[in-house]
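All remarks here apply to the structure that follows.
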Amino acid sequence: MKKFHGHKHGLKLAAAEDSGEKTCSVCEQELSDAAAFSCTKRDCDFILHQSCSELPKKLKHKSDPNHSFSLLSEPPEHSLYYSCDACGDLIQAFGFQCDECDHRMHVKCALLPESVECKAHEHALELHYTTTKPNVDGCTFFYCDACDEAVTEGYWTYYCKECDFVTDLDCAFSAEAVKEKEKEKEEDKEEDEEELPIELQLAKARIDMENQRVRLEFQMQMARQNAQFMNSIANSWRSAF
Ligand SMILES: [Zn+2]
Ligand SMILES: [Zn+2]
Ligand SMILES: [Zn+2]
Ligand SMILES: [Zn+2]
Ligand SMILES: [Zn+2]
Ligand SMILES: [Zn+2]
């Protein structure tokens, strides 16, 4: 019977209706029509892409070229805040953990292509394992050129060196939708501008700026709290020994 080294039960090829709306237990991506394996044990809803069932236990990865990664089915013990180095989100299913240092990533992030054709840009974008945008003094975030949202410094990006064009990981793949959204937003704005007298337009612009400022402040506060949290963990470790 088919086995996967990260799961103790046997697996069988899943019927199409089994994989329907579900997500893969290993990479956390949609299964949709892709071939999948599901668990043979009743009441166990472990299901995974056929391609994920071929994942190696050990992996070499360009983001940490001198070390090797191990596939873990869950966060190691005592890891309270187990987030992905690539995208910053928590790792809640399988992850690749570096054998020698603190680097770890989602399976889906480990499998990101090194180069992608992005609808929002005329050149192919290359995957970068550090933030590539030079940032303005001490600023801990930069802006995605596709969606204009702030991205915290240090996470992986897709980048065109020639044009200094950068996107977060999601936008590199979904930029078309983003572009349409932008267009809609612009159309909305145009309509608004025709209707609103100038004083109201100015007031609206002020509110937009204020919202932006509040959002950034919130993000910076979160970053500070995170740092404090990590510090307090480090301190409690120190005092425990
Ligand atoms: Zn199972
Ligand atoms: Zn998968
Ligand atoms: Zn990730
Ligand atoms: Zn490492
Ligand atoms: Zn973006
Ligand atoms: Zn370019």
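Quick notes on this structure:
- Over all directions, the projected convex hull of the C-alpha atoms in the chain averages 18.7 nm² in area.
- Using alpha-carbon coordinates, inclination of helix 169-195 to the longest axis of the chain, degrees: 30 degrees
- Residue pairs exceeding 18 angstrom between C-alpha atoms, taken from LYS22/LYS60; LYS12/LYS41; LYS58/LYS108; LYS22/LYS119; LYS3/LYS108: LYS22/LYS60; LYS22/LYS119; LYS3/LYS108.
- Computed Kirkwood radius, in angstrom, where 1/r is averaged over Cα pairs of segment 1-104: 14.7 Å
- Extending 7 Å from Cα along the Cβ direction at GLN92 and again at GLU153 yields two label points whose distance is 3.0 nm.
- Among 32-45, 225-238, 142-155, 117-130, the order from most to least packed when residues are scored by Cβ within 10 Å on average: 142-155, 117-130, 32-45, 225-238
None of the figures in this text is laboratory data; all of them are computed from the coordinates on show. None of the values given here were measured: they were computed from a predicted structure. Reconstructed Cβ throughout: ideal geometry from the backbone, glycine too, with neighbour counts over all protein chains shown.
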